[in-house]
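The values are calculated or read from the model by the stated rules, or taken from the named source; none is laboratory data. Owing to the predicted nature of the structure, the values given are computational and were not obtained by experimental measurement. Please note: Cβ atoms are built from the backbone with ideal geometry, for glycine as well, and neighbour counts cover all protein chains shown. To get the accessible areas, we keep the full protein, side chains included, count just its heavy atoms, and leave off ligands, DNA and RNA. Shrake-Rupley method; radii C 1.70, N 1.55, O 1.52, S 1.80 Å.
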Amino acid sequence: MITDKFSGQVAIITGAGQGIGFEIAKQLSLAGADVLLNDLSEELAVQASDTINGLGCNCYPIAGDASDIDFIQQMVDEAVQRYGKLTIAVANAGITLFGDFLNYPAQSLQSVMNVNLQGSFFLAQRAARQIVKQKSGGSILFMSSVTGHQAHQDLAAYGMTKAALEMLAKSLVVELSQHQITVNTVAPGATLTERTMEDAGYQKTWARITPMGRAATVEDVANAVLFLVSPDARHITGQNLVVDGGWTAVSTSPY
């Protein structure tokens, strides 16, 4: 059902062709925001935006590499040109490259750093510049992970980047609060997406070791994101919200 809670808001969501990013874009659109939906795959971006627009919303696809600084600026410019402003940026794009630490290749590390950190850092920077220019305030949100809090096998590089994003959000409180820009992170635990469901045992394993008895849905994570970028959270900044059904409280290994 379409509401007007985010009426007049304009959002960029990266990595939103499917999974958590798509659900965030859909829920923001249904709540009245104009959304620029990014994905590396043009096919996924167009399909996702068509689905959202079919619900009576206003969503525009923009395909490209969310770690590329020039493309990030292009997204901001497109949002402003198309919708007149930018008020919300959700840095959701990220990649996971598994590998044991002793043999982890430099190329894999660079790829993880480029997408997870460089892309998020510069989306926040370029979005903040635009929001400061508008003098109207806004919200930036980074997608972290429980792997930034608890060690996972073969995810040293990935977990490092997610922990770094939470520190970046705290650091930007000093830089951006004077401009009425909130900066927060959401850290999902195990979540049922197109990618994770390719693992036949994923849902059963995480249902067994999660205190709430199930893995998260994309709706669970999107609900947390929408709260933190909404007017209801205008006095919340520099914080991280874990959405994991209590898993980090017990940290039962999935291996």
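State the percent of C-alpha pairs, over all pairs in segment 27-144, separated by a distance greater than 23 angstrom. Working shown, then result.
Working: 2315 of 6903 pairs.
The calculated P(r) of segment 27-144 puts 34 percent of pairs beyond 23 Å.
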If one builds a Gaussian network model of the chain from Cα atoms under 10 Å apart, the most fluctuating residue listed among 215, 93, 151 is 151
With 0.36 nm assigned to each residue of separation and the Cα-Cα distance removed, residue 58 to residue 177 gains 39.9 nm
Neighbour cut-off at most 16 other Cβ (10 Å), DSSP loop, trypsin sites (Lys or Arg not before Pro), segment 175-219: 195, 214
Checking the cross-link filter: which lysines have an alpha carbon closer than 26 Å to that of residue 26, excluding same-chain neighbours under 8 positions apart? 5, 85, 162
If you wrap the chain's Cα atoms in a convex hull and average its projection over all directions, what's the area in nm²? 13.2 nm²
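Per residue, how much accessible area does segment 10-242 have with a 1.4 Å probe, in Å²?
On the way: 10470 Å² over 233 residues.
In whole numbers, segment 10-242 has 45 Å² accessible per residue.
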Heavy-atom accessible surface of segment 10-242: percent carbon and sulfur, 1.4 Å: 52 percent
Going by amide H atoms built from the backbone, whose H comes under 5 Å of the H on residue 215, apart from near neighbours? 207
Contour minus Cα-Cα span, residue 234 to residue 98, at 0.36 nm per residue, comes to 45.3 nm
Tell me, what HN-Hα J-couplings in whole Hz come from the Karplus equation 6.51 cos²θ - 1.76 cosθ + 1.60 at θ = phi - 60° for each residue of segment 138-150, using x for Gly and Pro? x, 9, 10, 9, 9, 8, 8, 5, 5, 5, x, 10, 10
Determine ³J(HN,Hα), in whole Hz, for all residues of segment 181-189 in sequence, where each value follows from phi through the Karplus function 6.51 cos²θ - 1.76 cosθ + 1.60 and θ = phi - 60°; x replaces Gly and Pro. 10, 8, 9, 9, 10, 10, 10, x, x
For segment 164-172, Karplus-derived ³J(HN,Hα) couplings (6.51, -1.76, 1.60; θ = phi - 60°; whole Hz; x for glycine and proline) come out as 5, 5, 5, 5, 4, 4, 5, 5, 6
Starting from the Kirkwood Rh over alpha-carbon pairs, what translational D in µm² s⁻¹ does segment 1-74 have by Stokes-Einstein at 25 °C and 0.890 mPa s? 207 µm²/s
